[in-house]
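The values are calculated or read from the model by the stated rules, or taken from the named source; none is laboratory data. The model shown is predicted, which means the values in this text are computed figures rather than measured ones. Neighbour counts run over all protein chains shown; Cβ positions are idealised from the backbone, glycine included. Keep in mind that these areas ignore ligands, DNA and RNA; they rest on the heavy atoms of the full protein, side chains included. Shrake-Rupley method; radii C 1.70, N 1.55, O 1.52, S 1.80 Å.
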Amino acid sequence: PRDGISLPHLEEALQTGEVKVVLLVSNFSNPLGSCMDDAKKKRLVDLLNRYNRPLIEDDVYGEIYFAGHRPKAIKAFDSENRVLYCASVSKTLSPGLRVGWCAGGRYHPDIARMKSILNQNTAMAPQLTVAAFLANGGYDRHLRHLRRAYCDQMLRMQQAVRAYFPAETCMTRPTGGHVLWLEMPEGFDSIRLYQEALGQGVAIAPGVMFSASGQGYGNCFRLNTAVPWSDTVDAAMQTLGKLAKKQLAENFLREE
Ligand SMILES: Cc1ncc(COP(=O)(O)O)c(C=O)c1O
């Protein structure tokens, strides 16, 4: 979960010949928050070159690093121009702006043609607004603030998990982004937790939402750490912790 996709497993899948394209989030993925290091990004490009497959890189979280410098995009290692790089301001400014971009490499002319068929015009005003914000330095200033705020919120959320959740809880330690992934013991039902928590006004994303088969990760769930810390968030974390403990205790009694 720390450094993203397993390359040996990806190679096994590529060997079947059934994979037409690879799509992944390179930096601070959703829901695991994993980030591939440069060496792995380069190995991934080498692998795709060998199997002659394109990669769609979604780098929507890349700017939200907590320390050091911005992680590189896989596109930076794209020696054969096969990476379709995509990003947007949805996670840094507002998803409602609907402003994003794509550097499509060798596929760029096809993407442009397809876009002109599907959606000829994109609203100008939001694009000009973002362009002005970028040009006058406002975006950089905003990002510096955002990184500090998201890092702080992530740490507080992790502290709350340690304080309120069952001792058996495992969680990720993302170095950027705004999602925290939690794993409970086998047999835990995160859909039940989701339903019970929703009844008390608290929303989580149950693990099954992220399972390609629709069956996996039943004992896991994702928390969104983008919400500014407050007494309400603290109370919500206490509610989740209590519900999780109650469920684990019931499971334990049932097994006895
Ligand atoms: C992995 C990932 N990519 C992209 C987006 C945002 O997409 P868009 O830029 O179309 O708003 C999200 C947000 O939900 C996301 O989690």
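I'd like to verify a number: residues in segment 25-39 that are touching a strand residue (DSSP E or B) at 6+ places or on another chain (Cβ under 7 Å) and either over 23 Å from Cys220 (Cα atoms) or of a type outside the set (Phe, Trp, Tyr) (or both), how many? Walk me through how you get there before you give the answer.
Within segment 25-39, the first condition is being touching a strand residue (DSSP E or B) at 6+ places or on another chain (Cβ under 7 Å), and the residues that meet it are 25-28, 30-33, 35.
Pick out the ones that are also either over 23 Å from Cys220 (Cα atoms) or of a type outside the set (Phe, Trp, Tyr) (or both) and you get 25-27, 30-33, 35.
Matching residues across segment 25-39 total 8.
Okay, residues lined up against (1) open to solvent by less than 60 Å² (accessible area, probe 1.4 Å); (2) touching a Gly at 6+ places or on another chain (Cβ under 9 Å):
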| position | (1), (2) |
| --- | --- |
| Pro185 | yes, no |
| Phe188 | yes, yes |
| Ile191 | no, yes |
| Ile204 | yes, no |
| Gly207 | yes, yes |
| Gln215 | no, no |
| Phe221 | yes, yes |
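Which fully enclosed strands (runs of 3 or more DSSP E) of segment 1-117 have 1 or more residues being within 11 Å of the ligand (Cβ to nearest atom) and of a type in the set (Phe, Trp, Tyr)?
Values: elements: 22-25, 55-58, 83-88, 100-103.
The qualifying strands (runs of 3 or more DSSP E) are 100-103.
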Q: Check off (1) within 24 Å of Lys20 (Cα to Cα); (2) in contact (Cβ under 8 Å) with a residue 24 or more places away in the chain for Leu118 and give me the number that stays unchecked.
A: (2)
(Q) Residue pairs, Cβ under 7 Å, 6 or more apart or interchain, first in segment 26-41 and in the same structural domain as Val60 (by TED's automatic domain parsing), second polar (S, T, N, Q). List them. (A) Leu32/Thr172; Gly33/Thr172; Cys35/Asn27; Cys35/Thr175; Met36/Ser26; Lys41/Ser26
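Closer than 27 Å to Pro54 by Cα, open to solvent by less than 20 Å² (accessible area, probe 1.4 Å), touching a Cys at 6+ places or on another chain (Cβ under 8 Å) and within 16 Å of the ligand (Cβ to nearest atom): does that describe Gly176?
On the way: closer than 27 Å to Pro54 by Cα: yes; open to solvent by less than 20 Å² (accessible area, probe 1.4 Å): yes; touching a Cys at 6+ places or on another chain (Cβ under 8 Å): yes; within 16 Å of the ligand (Cβ to nearest atom): yes.
For Gly176, the condition - closer than 27 Å to Pro54 by Cα, open to solvent by less than 20 Å² (accessible area, probe 1.4 Å), touching a Cys at 6+ places or on another chain (Cβ under 8 Å) and within 16 Å of the ligand (Cβ to nearest atom) - is met.
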Q. Just wondering, is there one or more residues in segment 129-142 that are within 19 Å of the chain's Cα centre (by Cα) and modelled with pLDDT of 95 or more?
A. no
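Suppose the filter is at pLDDT 95 or above and either open to solvent by less than 50 Å² (accessible area, probe 1.4 Å) or farther than 18 Å from Asn224 by Cβ (or both); does Tyr150 pass it? Please lay out each step first, then the result.
Values: at pLDDT 95 or above: yes; either open to solvent by less than 50 Å² (accessible area, probe 1.4 Å) or farther than 18 Å from Asn224 by Cβ (or both): yes.
Yes, satisfied.
If only one of Arg173, Arg148 is outside the structural domain of Cys35 (by TED's automatic domain parsing), in a loop (DSSP other than H, G, I, E, B) and under 22 Å from Ser29 (Cβ atoms), which one is it?
Working: Arg148 fails: in a loop (DSSP other than H, G, I, E, B).
Checking each option against the conditions leaves just Arg173.
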Q) Can you name the number of the only condition in (1) in a loop (DSSP other than H, G, I, E, B); (2) in contact with an Asp or Glu (Cβ under 9 Å, 6 or more places away or on another chain); (3) among the hydrophobic types (A, V, I, L, M, F, W, C) that Phe221 fails? A) (1)
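Could you tell me whether any residue of segment 90-97 is over 23 Å from Tyr150 (Cβ atoms), modelled with pLDDT of 95 or more and surrounded by 14 or more Cβ atoms within 10 Å (Cβ to Cβ)?
Of the residues in segment 90-97, the ones over 23 Å from Tyr150 (Cβ atoms) are none.
Taking every residue of segment 90-97 in turn, none turns out to be over 23 Å from Tyr150 (Cβ atoms), modelled with pLDDT of 95 or more and surrounded by 14 or more Cβ atoms within 10 Å (Cβ to Cβ).
Could you grab me the full set of residues in segment 176-212 that are of a type in the set (Gly, Ala, Ser) and part of a loop (DSSP other than H, G, I, E, B)? Break it down stepwise before answering.
Here is the first cut: in segment 176-212, the residues of a type in the set (Gly, Ala, Ser) are 176-177, 187, 190, 197, 199, 201, 203, 205, 207, 211-212.
Result: Gly177, Gly187, Gly201, Ala203, Ser211, Ala212.
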(Q) For segment 32-48, give me each residue that is open to solvent by less than 20 Å² (accessible area, probe 1.4 Å) and either within 10 Å of the chain's Cα centre (by Cα) or acidic (Asp, Glu) (or both). (A) Gly33, Ser34
